[in-house]
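A.B. asks: One structure, pasted below without further comment.
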Amino acid sequence: MRKIILYIAASTDGYIARPDGNIDWLHDKKYNIPDEDFGYSAFLQTIDTTLMGHTTYKQVLGFDMPFPYPDLKNYVFSRSAQQDTVHVTFVRDGVVDFIERLKEQPGKDIWLIGGGQLNATLLNAGLLDEIILTYIPIILGKGIPLFSEEAEEHKLKLIPTDNKLYRNGFLQVRYSC
């Protein structure tokens, strides 16, 4: 069965974006390490599908670049009806059932891009298999949390061989759920 992996960055205080959804702090030049992508390219080789909430999708569309995952199957979850695009299939109802069926299909692993509400939904449903979390050395104080307040308590297990401290202060940890 395919795994669903939440591959994401968060501030040290647990936020994935500012209150308005801005992620400018992720691209601060002081964090740049030439020729380092923090495992992103290797991770992309292991997946063929993405999952994201509608707000996260709108953030992705706001980047000054073409849609970044044109060669992957992309699902966006929205409470309102949306028209599918060339790169995205929208899912409105039955999120948990849809993802359960998706996990059973043949293919590579599935990247849960976010945001916090979708992260909590999958965690609570027992559908999240792993978390690859990169802590960024910044305190935002407020913002969009990694998991929305609907998240239930879950104990995670650290995968000790897959953790890395980068010289810019990023700490990447991997958990099984």
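A.B. asks: Residues of the stretch 86-110 being assigned to a loop (DSSP other than H, G, I, E, B) and either at pLDDT 95 or above or closer than 20 Å to Leu61 by Cα (or both), which ones?
C.D. replies: Val86, His87, Arg92, Gln105, Pro106, Gly107, Lys108
A.B. asks: Quick test of your reading of the structure: Leu112 fulfils all but one of (1) in contact (Cβ under 8 Å) with a residue 60 or more places away in the chain; (2) in contact with a Gly (Cβ under 9 Å, 6 or more places away or on another chain); (3) closer than 30 Å to Ile138 by Cα. Name the failing condition by number.
C.D. replies: (2)
A.B. asks: Taking strands (runs of 3 or more DSSP E) that do not extend beyond the stretch 1-84, which have at least 2 residues that are farther than 20 Å from Ile139 by Cβ and modelled with pLDDT of 95 or more?
C.D. replies: On the way: elements: 4-11, 15-17, 47-53, 73-77.
The qualifying strands (runs of 3 or more DSSP E) are 4-11, 47-53, 73-77.
A.B. asks: Sticking with this one: Kindly indicate the residue of the stretch 16-32 that is more than 18 Å from Gly115 (Cβ to Cβ) and of a type in the set (D, E, K, R) and also surrounded by the most Cβ atoms within 10 Å (Cβ to Cβ) among those meeting that condition.
C.D. replies: Asp28
A.B. asks: Could you please tell me which pairs satisfy a Cβ distance under 6 Å, a separation of 6+ or placement on different chains, a first residue in the stretch 42-62 that is over 17 Å from Gln83 (Cβ atoms), and a second residue that is in a strand (DSSP E or B) and of a type in the set (Asp, Glu)?
C.D. replies: Thr46/Asp109; Ile47/Asp109
A.B. asks: Of the residues that sit in the stretch 33-60 and are among the aliphatic types (A, V, I, L, M) and surrounded by 12 or more Cβ atoms within 10 Å (Cβ to Cβ), which one is farthest from Arg2 (Cα to Cα)?
C.D. replies: Pass one, the stretch 33-60, residues among the aliphatic types (A, V, I, L, M): 33, 42, 44, 47, 51-52, 60.
Those left that are additionally surrounded by 12 or more Cβ atoms within 10 Å (Cβ to Cβ): 44, 47, 51-52, 60.
Numbers: Leu44: 15, Ile47: 9, Leu51: 13, Met52: 17, Val60: 24 Å.
Per the criteria, the residue is Val60.
A.B. asks: Just wondering, is there one or more residues in the stretch 111-120 that are part of a strand (DSSP E or B), at positive phi and not charged (D, E, K, R)?
C.D. replies: Filtering the stretch 111-120 down to residues part of a strand (DSSP E or B) leaves 111-114.
This time we only want the ones that are at positive phi, so: 114.
Restricting the remaining residues to those that are not charged (D, E, K, R) gives 114.
Among the residues of the stretch 111-120, at least one is part of a strand (DSSP E or B), at positive phi and not charged (D, E, K, R), which makes the answer yes.
A.B. asks: Which residues, taken from the stretch 140-166, are closer than 24 Å to Gly39 by Cβ and among the aliphatic types (A, V, I, L, M)? Full working, then the answer.
C.D. replies: Here is the first cut: in the stretch 140-166, the residues closer than 24 Å to Gly39 by Cβ are 140, 143-147, 154, 156-166.
Matches in the stretch 140-166: Leu140, Ile144, Leu146, Leu156, Leu158, Ile159, Leu165.
The values are calculated or read from the model by the stated rules, or taken from the named source; none is laboratory data. Computed from a prediction, not measured in an experiment: that's the story for all the values here. Using ideal geometry, Cβ is built from the backbone for each residue, glycine included, and neighbour counts are taken over all protein chains shown.
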